[in-house]
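Chemist: The structure follows.
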Amino acid sequence: MFLDNLLYYFSIKLEGINMAQKRINVSQIESGKSGLVHLGERLNTIDNTLNTLDTNFSVEIASTQAEIDAINEALIASLQSPVANPVFFDVSSYTVQVSDIEAGQPITITLPNGKTYIVGKNHLQVLRNGVPQVLENGDYTEQSSTSIRFNADVLQAGDVITFIIGKSSKLSYNVSISYYTSGANEGLIQTITYTGDVSKTVTYNYNAQKKISSEVIVEDGKTITRTFTYNGSGTLTGISVSIA
């Protein structure tokens, strides 16, 4: 009986050892090694994915910044868009003299005090003795930037001709935009051209960071040049203007 009990005891112990061995056998250890290797590969994959995301994010930031720059350029350009003629009036008058009148001949009146206007742009209003004269009806014609002409036998000595320069009325004009098609500035605004009641061009130049370095505005015989300066981070720090 004692021997039987002893053998039964050892059989249980051996079975426990065998069960323990089954839990961490050689094949499982090898599987564990493979699992660690696979884990490294997975970590490398994740690292590569993160690098790709970082690259894509940087590209997206650059793309977004380019769009922001384009919007900024458009906003700067829109500031050049005229809404109406200048809100000012330059008024001068001339009294017709006897010596100005010649029977059967048209009379040319020169604007006094060296005043000028823009022919064909509705920049000039003419009054005769306080009554507006209508250009479209042929009451007078615009001869040059400094003179107008009345038909024969219209004016009389003593008539007061009043000139109002700078008409604050709504304008009609077209705007066209051209872009650089090559070089470092490719795709950026090059020139904005206004035609119609407004005759004007705005040309843009850019620095190495593709920010506007200068704009040249040509309008009514004047050239306005604005030069922009930036600090090291690209923030606008100043604008200088010259008019010629």
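Quick note: the coordinates plus some simple rules give every number you see, no bench work behind them. Nothing here was measured: the structure is a model prediction, and the numbers come from that model. Note that we place each Cβ from the backbone using ideal geometry, even for glycine, and neighbour counts take in every protein chain shown.
Chemist: How about the range 181-237: which of its residues are among the aromatic types (Phe, Trp, Tyr) and more than 23 Å from Gly166 (Cβ to Cβ)?
Modeler: Listed by number, the residues that qualify are Tyr204, Tyr206, Phe228, Tyr230.
Chemist: Tell me which residues, restricted to the range 129-160, are touching a residue at least 12 places away in the same chain (Cβ under 8 Å), crowded, with 16+ Cβ neighbours inside 10 Å, under 45 Å from the mean Cα position of the chain (by Cα) and in a strand (DSSP E or B).
Modeler: Tyr140, Glu142, Ile148
Chemist: Give the range 190-225 a look and list any residue that's closer than 12 Å to Asn174 by Cα and of a type outside the set (Lys, Arg), or say none.
Modeler: Hits for the range 190-225 are Ile192, Thr193, Tyr194, Thr195, Gly196, Asp197, Val198, Ser199, Thr201.
Chemist: Return the residues of the range 122-161 that are under 18 Å from Asp90 (Cβ atoms) and charged (D, E, K, R); say none if nothing qualifies.
Modeler: Answer for the range 122-161, where residues must be under 18 Å from Asp90 (Cβ atoms) and charged (D, E, K, R): just Glu142.
Chemist: Counting only residues that are among the small types (Gly, Ala, Ser), give me the strands (runs of 3 or more DSSP E) lying completely in the range 198-241 with at least 1 of them.
Modeler: Working: elements: 200-206, 212-219, 222-230.
It comes to 212-219.
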